[in-house]
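A.B. asks: Below are the structure tokens for one structure; questions will follow.
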Amino acid sequence: MVIKIGPVCSVREAELVGAVDIIVMRLGVADDRASRTISEATFAAVRAATGAVVALRAETPGPLADTVRRLAPDYVEFTAVDAAKTEPLAAQLATLTALDVPLIATVGAVLKDDVRLLAEEAHLARLVAAGAHYLAVELESVLDPDFRIAAPARRRLAEVFARYPVLVTDAFTDLTGGLGLNETGSYLELGDGRTRPQSFRLPTAVRLLRTRRPAPAAGRSRGS
């Protein structure tokens, strides 16, 4: 199972999270732990210090294409425009496809009372066709009994996830066995520990990662 984590904002954090598969970083004009942004120098230092592949968040201070050329990330991660916004989505995908870098697309959430994503399989297919190697989906929840997605929707999730490279996040208490939804892996969004959108404080994420069963590394997608 693939594990993605971020935004990581120092070499020390990269060392703490250990042998994950994908480390995500978000650029700012300087290192800022509050917003979890880093400078280009810190990006390069983290990349040199980790054995994971590295992903760059698409929201960069300067032109994205120039930044990608300088830093050569293994992936670019972005939040996909809603499927219904056809023209903005087409423009977004045209810009990202032109980078010629594998993509990670955040595509939204499936909630107890909102399972619209299950009706948007064509959207998922379009993102994969545009170069998304992973699709990140938040679930609320398969694990929390107070917000549990109904069984028929969970079965449908498993059917959809079997066809696409989906990374999921939920109210994890361990990472030992996955969610049983045919997901490709899991992701941990580092932040202040809010539950919507789901995020994890760094110490919590480190504790969760210690429960992980050993797994093969993802391997770099671009020359390393």
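Rule-based calculations on the coordinates, nothing more; no lab input. Since the model is a prediction, treat every value here as computed from it, not as a measurement. Note that each Cβ is placed from the backbone with ideal geometry, even for glycine, and that neighbours are counted across all protein chains shown.
A.B. asks: With percent of Cα pairs over 26 Å apart in mind, check (1) 34; (2) 71; (3) 42 and report the label derived from this structure.
C.D. replies: Checked against the structure: label (1).
A.B. asks: If you put +1 on each Lys and Arg Cβ and -1 on each Asp and Glu Cβ, how big is the dipole of the chain around its Cα centre, in Debye rounded to 20?
C.D. replies: 440
A.B. asks: Could you tell me which of VAL29, PHE161, ALA84 has its Cα farthest along the dipole of the chain towards the positive end, charges placed at Cβ (Lys, Arg +1; Asp, Glu -1), taken about the Cα centre?
C.D. replies: Selected residue: PHE161.
A.B. asks: Lys/Arg Cβ at +1, Asp/Glu Cβ at -1, dipole of the chain taken about the Cα centre: which of GLY18, LEU139, GLY108 is farthest positive-ward?
C.D. replies: Going by the Cα projections, it comes out as GLY18.
A.B. asks: Using a Förster distance of 25 angstrom, determine the FRET efficiency expected from the C-beta separation of ALA91 and SER39, and round it to 0.05.
C.D. replies: 0.30
A.B. asks: Tell me the net charge near PRO88. Cut-off is 15 Å between Cβ atoms, PRO88 excluded, with +1 for each Lys or Arg and -1 for each Asp or Glu.
C.D. replies: Within the 15 Å Cβ shell, the charges total 0.
A.B. asks: In terms of modelled amide H atoms, which long-range or inter-chain residues lie less than 5 Å from the amide H of VAL24?
C.D. replies: ILE5, GLY6, VAL8, ALA55
A.B. asks: Something else now. Grab the other residues whose beta carbon is less than 14 angstrom from that of TYR164, score K and R as +1, D and E as -1, and report the net.
C.D. replies: Taking every Cβ under 14 Å from that of TYR164, the sum is -1.
A.B. asks: By DSSP, what percent of the beta bridges with both residues in the stretch 85-195 are antiparallel, rounded to the nearest 5?
C.D. replies: Restricted to the stretch 85-195, the bridges split so that about 5 percent are antiparallel.
A.B. asks: Here's something else I'd like to know. From the helices alone, meaning DSSP H stretches of at least four residues, give me the mean residue ellipticity at 222 nm for the chain, per-run term -39500 (n - 2.57), in deg cm²/dmol to the nearest 500.
C.D. replies: Roughly -8500 deg cm²/dmol at 222 nm, from the helical runs in the chain.
A.B. asks: So if R0 is 25 Å, what FRET efficiency would ASN182 and VAL206 give, r being the distance between their Cβ atoms, rounded to the nearest 0.05?
C.D. replies: 0.40
A.B. asks: Extending each Cα 7 Å along its Cβ direction at ASP192 and ALA150, get the distance between those two points in nm, one decimal.
C.D. replies: In this crude spin-label approximation the distance works out to 3.4 nm.
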